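What follows is a set of notes on a single structure, which appears directly below.
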Amino acid sequence: MRIDWRAISGPALTAATASIAFIVDRHFVAVPNPAPLFVCIVALAASISGITSGLISAAIAVASSAVFFLGHRAMPGYDTSDLARMGLLAATAAGTAVITGVLRQKWIDAFAWEQKHHATSARLSAALDQVDIGIVLLGPDTRAEFINRAFRDYFRLSDQQADSQPPFIALMYHGRDTGAWELPEDELGDFIARRTEAMRTGDSTPININLTSGEVLRFSCTALPDGGRMLSYTPVTDLVRHNDDPASADYYRSLRGGDRYFARQLRAAE
C-alpha cells in the first residue's frame, strides 16, 4: 500500500515538535508555550494536504498543549486560565485548518480551471491556424490578442510582429508599408482612416479588399461583448475574379497567391 507522505507530514511534524518541546523543557531549559508554533504547523499541514490533515494536526497540538500545561503546574489538574488557553488554542487551530484547507481547495480548483481553459484556447488557436480565413481578435484597447496564420501569410506579418500584440492601426500601417493593398498611393491614408473608424464603431458591413498579389479578401468586423473586435478576412478571389478561365484556375491562383498559395496547399496536404 502506498503511503501518502503529504497527508501524514503535518501530523508527524506536530508530534515531533511537541516531543522536542517536552524533552528540552524537562532536561535542558524551560520552554515557553509552543501554541503559536503549533498553529503555524496546522496551517502548513492544511496547505499541503487539505482540511483533514490540518484538523488531525490541530488535535495533536491541543493534546500536546494539555500535557505541556499540566507539566508546568505545581498542583495536579488545570485551573480556569489553563482551560481557557486550551480552548482558545483548539478554536484557533481548528479554524486555521478549515480556512487554510478551503483556500487551498479554491486555489486547486482555480488552477485546474485555468489549465483546462488554456488547453481549450491552445486547441482553438491551432484549429484557427488551419483555415484560409484570416482572423484577428482585438481586445477592448484595439490591440491584437490573436492573429492566425492565414492573416500573417496574406499581409506578410512576421511571427515576432504578430506575437507582440500590435494595435489595429499598426497592422494597417504595416499593410501600407509592405504594399499589400491594391490602391493608389494617394488613397491609402483615407482608406486606413475609414477602416479604423469602422472598426471602432463596430461596423459589420462586409467589404472586399483587393491585394497587390491579386487575391481578394472579404473583410468583416464583429463587435464582441467585452468591447473587443473579431476581424475576418475571407478569400473570395474565385468569386470576384469570375472572368478567369476555369481550366486555368490553379494557374491564376498561383500567380495571385505566390508562395502563400503553395504554402497553404502544402499545409493542407500535410
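The values are calculated or read from the model by the stated rules, or taken from the named source; none is laboratory data. In this text the structure is predicted, and so the values were computed from the model without any measurement. A quick note on method: Cβ atoms are made from the backbone with ideal geometry, for glycine too, and the neighbour counts reach across all protein chains shown. The accessibility values were calculated without ligands, DNA or RNA, using every heavy atom of the protein model including side chains. Shrake-Rupley method; radii C 1.70, N 1.55, O 1.52, S 1.80 Å.
I'd like to verify a number: residues in segment 124-153 that are outside any helix (DSSP H, G or I), hydrophobic (A, V, I, L, M, F, W, C) and open to solvent by less than 50 Å² (accessible area, probe 1.4 Å), how many?
Matching residues across segment 124-153 total 6.
Restricting segment 91-101 to residues that are surrounded by fewer than 18 Cβ atoms within 10 Å (Cβ to Cβ) and of a type in the set (A, V, I, L, M) leaves a set whose member that is nearest to the chain's Cα centre (by Cα) is ILE99.
VAL39 - would you say it is at pLDDT below 90 and over 33 Å from the mean Cα position of the chain (by Cα)? Give the derivation first.
Working: at pLDDT below 90: no; over 33 Å from the mean Cα position of the chain (by Cα): yes.
So VAL39 fails the test.
Selection of segment 174-184 for residues being open to solvent by 40 Å² or more (accessible area, probe 1.4 Å), part of a loop (DSSP other than H, G, I, E, B) and closer than 14 Å to ARG195 by Cβ yields only LEU183.
Which one of LEU157, LEU217, LEU231, LEU171 is surrounded by 19 or more Cβ atoms within 10 Å (Cβ to Cβ), assigned to a loop (DSSP other than H, G, I, E, B) and either on the phi < 0 side of the Ramachandran plot or not β-branched (Val, Ile, Thr) (or both)?
On the way: LEU217 fails: assigned to a loop (DSSP other than H, G, I, E, B); LEU231 fails: assigned to a loop (DSSP other than H, G, I, E, B); LEU171 fails: assigned to a loop (DSSP other than H, G, I, E, B).
Just one listed residue meets the conditions, LEU157.
Of all residues in segment 185-204, which are open to solvent by 80 Å² or more (accessible area, probe 1.4 Å) and farther than 20 Å from ALA144 by Cβ? It would help to see each step written out before you state the result.
In the first step, residues of segment 185-204 are kept if they are open to solvent by 80 Å² or more (accessible area, probe 1.4 Å); the result is 185-187, 190, 194, 197, 200-201.
Of everything in segment 185-204, those that are open to solvent by 80 Å² or more (accessible area, probe 1.4 Å) and farther than 20 Å from ALA144 by Cβ turn out to be GLU185, ASP186, GLU187, ASP190.
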